[in-house]
Amino acid sequence: MTVPGQVADRSHRCRLVSRPLPRPLCWLLAGRPGAAHSAPDMDERARQPPLSTVTANCKSPQPARQGNSIKLSVFSKVCYAVGGAPNQVAGSASAFFLQIYLLDVAQITPFEASLVLCVGKTWGGIMDPVVGFFINKSKWTRIGRFMPWIVGCTPFLVLSYFFLWFDPPFVAGRVVWYLAFYCFFQALSTVYHVPYTTLTMFLSTDQAERDSTTAYRMTVEVLGTLIGAAVQGQIVASAHTGHHCITNNETTNFTVNSTESPANGTLLPGSPDLLHARNVYMIAAGAIGCVYLLCTSILFIGVKERHDPVYSSGKIIPFFKGFKLSMRHGPYLNLIASFLLISAAVQLQQSNFVLFCTHAADLRDHFQNLVLTILISAVLSIPFWQWFLKRFGKKMAAFGISWMIPFAIMLVTIPSLAVAYAVAVTSGLSIAASLLLPWSMLPDVVDNFRLMNPQAKGLEAIFYSTFVFFTKLSAGIALGISTMSLEFAGYSSAACKQSHHVVVTLQILIGAVPALLIIAGLLILVFYPITEDIRKETEMALDVMRLRTRRSTLIVM
């Protein structure tokens, strides 16, 4: 701290911030003699060298580190990563099993199921910018700016998820029950997810640390997806092995006890098998609710938010103005458009995979093991993709998503068990890439925006919430179209065996449609402008801006 009338030594002020600093950055921080008398005014700032000149003249290729860009401990990274697991556990369970639950256990029509899935996903997407708006207006508290949102919504999120799988004691209006609680669940998971993902920007200002933390997070989230599918699949597997179905002949309808394969069996209303199915689905929902409570507690205990000088200086821009600015940022639009299509493709495969194994292929006894194989492959491949994106760049790594295309087509044309397991392994590789890359690339886009718009403060939540909004919207539309396609094809939850049209529809939904969506998304990603060199230059330039901010703070002190 300097005393009025006392000129601070330049080298001493450099040592206050970081040691050692590249000479241009140290010179920028120290300023002119006598600058310590008062805060720098506009004339002094105008005399400072341009930011591009400073970064170009820096001797060290590594950006300067200061303040909150300290190395994060493994404990902090793991605790942060654990916080992302419950949403993935619940999302995996609903992605793989909610559609078949609504059709075969809740026994609502395909049209009603498509209404629940499409409206619920769309509502969750709409809630993303709404949540971003309120987060943008929220203040920092003793436990941070984002943590109160995460902790406060968790109990209500658990209740909404449980009642989503609860069998209401009435038949008329049952679709309203499932629609309401699916909308509640999607909205509350958004309240949890948006502040959680935005928190990445406030763990460290070091891009390498953020990338490492994102890799930890993706590993745990894919592991959570695995746990969700495993818990749900193993608990509810017995719900889809009933032997009671309705058989129609040309003259009369009657009920028989069928000894056919489980895939051809559908549970009758009021039967013991149906009651058992509903009970095991609620048990699975209760287990996943406990995961939410445990993981949120670990996140709260082990993670600390840190202020970013670039964020904390200046006035925060209003939400709608910030939204307009973000939607004019080219790299952000490119990223949204690309992963909007890719996410829809992955969602289609996840939602229809169990139905495909049950009704379109002779894999009904293996679907839970195939799902586990997909997710184990995804978990094990996260470290590979983290190494790959460091070695060859994030843009190049994104094209690993296309690996699932030829194998998915093989599964449709050759639905054998060996091919199914090969498809499961390659799909896991592609799903891991599709999960890791957008969340690793999004912080780079936000940093690029910060550099191009230094006057815009506090827009991180807008970027994250809008990104999730568009991906959820695309997934909701894809699910709605998917389930409506089954309706038009003649899917019946009371049929012993689905028609040929339903089988063909499932083949298209598993193979052709995801392939076209992935190809279109990757073609858009070709024009993604943030290369590795641009990313590193952006990081160095932002470090200079942080040094300027700290310099102003020290001078005022």
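Checking Thr466 against (1) touching a residue at least 60 places away in the same chain (Cβ under 8 Å); (2) open to solvent by 40 Å² or more (accessible area, probe 1.4 Å); (3) hydroxyl-bearing (Ser, Thr, Tyr), only one condition comes out false. Which one?
All conditions pass for Thr466, except number (2).
Name the one entry in Ile510, Ile534, Ile518 that is open to solvent by 40 Å² or more (accessible area, probe 1.4 Å) and in a helix (DSSP H, G or I). It would help to see each step written out before you state the result.
Numbers: Ile510 fails: open to solvent by 40 Å² or more (accessible area, probe 1.4 Å); Ile518 fails: open to solvent by 40 Å² or more (accessible area, probe 1.4 Å).
Residue meeting the stated conditions: Ile534.
Could we say that Val504 is at pLDDT 85 or above and more than 22 Å from the chain's Cα centre (by Cα) here?
Numbers: at pLDDT 85 or above: yes; more than 22 Å from the chain's Cα centre (by Cα): yes.
Answer is yes for this residue.
Could you tell me which numbered condition Asp167 fails, if it satisfies all but one of (1) surrounded by fewer than 20 Cβ atoms within 10 Å (Cβ to Cβ); (2) more than 23 Å from Val354 (Cβ to Cβ)?
The number of the failed condition is (2).
If you check every pair at least six apart or on different chains, which have Cβ atoms under 7 Å apart with a residue in region 316-333 that is under 11 Å from Ala456 (Cβ atoms) and open to solvent by less than 60 Å² (accessible area, probe 1.4 Å) first and a residue that is at pLDDT 80 or above and outside any helix (DSSP H, G or I) second?
Note: pairs meeting the criteria are Leu325/Asn453.
Being of a type outside the set (D, E, K, R), crowded, with 21+ Cβ neighbours inside 10 Å and not in a helix (DSSP H, G or I) is the requirement here; does Ser204 meet it? Spell out the reasoning first.
Working: of a type outside the set (D, E, K, R): yes; crowded, with 21+ Cβ neighbours inside 10 Å: yes; not in a helix (DSSP H, G or I): yes.
Considered against the rule, which asks whether it is of a type outside the set (D, E, K, R), crowded, with 21+ Cβ neighbours inside 10 Å and not in a helix (DSSP H, G or I), Ser204 comes out as yes.
Would you check if there is a residue in region 122-133 being of a type in the set (D, E, K, R) and over 17 Å from the mean Cα position of the chain (by Cα)?
Within region 122-133, the subset of a type in the set (D, E, K, R) is 128.
Filter again for over 17 Å from the mean Cα position of the chain (by Cα), leaving none.
No: zero hits.
Taking region 156-179, which residues are in contact with a Phe, Trp or Tyr (Cβ under 9 Å, 6 or more places away or on another chain) and of a type in the set (Gly, Ala, Ser)?
Within region 156-179, Ser160 is the sole residue that qualifies.
Among the numbered conditions (1) touching a Lys or Arg at 6+ places or on another chain (Cβ under 9 Å); (2) of a type outside the set (Gly, Ala, Ser); (3) open to solvent by 50 Å² or more (accessible area, probe 1.4 Å), tell me where Cys290 comes up short.
Every listed condition holds for Cys290 apart from (1).
Which condition breaks for Arg306 when tested against (1) at pLDDT below 80; (2) of a type outside the set (S, T, N, Q); (3) assigned to a helix (DSSP H, G or I)?
All conditions pass for Arg306, except number (3).
Does region 165-181 contain at least one residue that is closer than 17 Å to Gly84 by Cα and part of a helix (DSSP H, G or I)? Reasoning before the result, please.
Filtering region 165-181 for residues closer than 17 Å to Gly84 by Cα gives none.
There is no residue in region 165-181 that is closer than 17 Å to Gly84 by Cα and part of a helix (DSSP H, G or I).
With the structure loaded, tell me whether Val222 is in contact with a helix residue (DSSP H, G or I) (Cβ under 7 Å, 6 or more places away or on another chain), more than 25 Å from Asp365 (Cβ to Cβ) and at pLDDT below 80 or whether it fails that test. Outline the logic, then answer.
Values: in contact with a helix residue (DSSP H, G or I) (Cβ under 7 Å, 6 or more places away or on another chain): yes; more than 25 Å from Asp365 (Cβ to Cβ): yes; at pLDDT below 80: yes.
It is true that Val222 is in contact with a helix residue (DSSP H, G or I) (Cβ under 7 Å, 6 or more places away or on another chain), more than 25 Å from Asp365 (Cβ to Cβ) and at pLDDT below 80.
Please verify whether Gln368 is surrounded by fewer than 23 Cβ atoms within 10 Å (Cβ to Cβ) and closer than 19 Å to Gln88 by Cα, treating the condition exactly as stated. So that I can check it myself, show each step before the final result.
Working: surrounded by fewer than 23 Cβ atoms within 10 Å (Cβ to Cβ): yes; closer than 19 Å to Gln88 by Cα: yes.
So Gln368 passes the test.
Residues are listed down the side, and each one gets a yes or a no for (1) in a helix (DSSP H, G or I); (2) β-branched (Val, Ile, Thr); (3) open to solvent by 40 Å² or more (accessible area, probe 1.4 Å):
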| residue | (1), (2), (3) |
| --- | --- |
| Pro86 | yes, no, no |
| Ser94 | yes, no, no |
| Leu115 | yes, no, yes |
| Thr122 | yes, yes, no |
| Pro129 | yes, no, no |
| Ser160 | yes, no, no |
| Val194 | yes, yes, no |
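Which members of region 170-191 meet the condition of being open to solvent by 70 Å² or more (accessible area, probe 1.4 Å), at pLDDT 90 or above and not β-branched (Val, Ile, Thr)? Break it down stepwise before answering.
Step one: list which residues in region 170-191 are open to solvent by 70 Å² or more (accessible area, probe 1.4 Å), which gives 170-172, 176, 184.
If we keep only those that are at pLDDT 90 or above as well, we get 176, 184.
Once the filter is applied, which keeps residues that are open to solvent by 70 Å² or more (accessible area, probe 1.4 Å), at pLDDT 90 or above and not β-branched (Val, Ile, Thr), region 170-191 yields only Phe184.
The values are calculated or read from the model by the stated rules, or taken from the named source; none is laboratory data. Computed from a prediction, not measured in an experiment: that's the story for all the values here. Methodologically, a virtual Cβ is constructed for each residue, glycine included, from the backbone with ideal geometry; neighbour enumeration extends over all protein chains shown. Accessible surface is based on the protein model in full, side chains and every heavy atom, while ligands, DNA and RNA are left aside. Shrake-Rupley method; radii C 1.70, N 1.55, O 1.52, S 1.80 Å.
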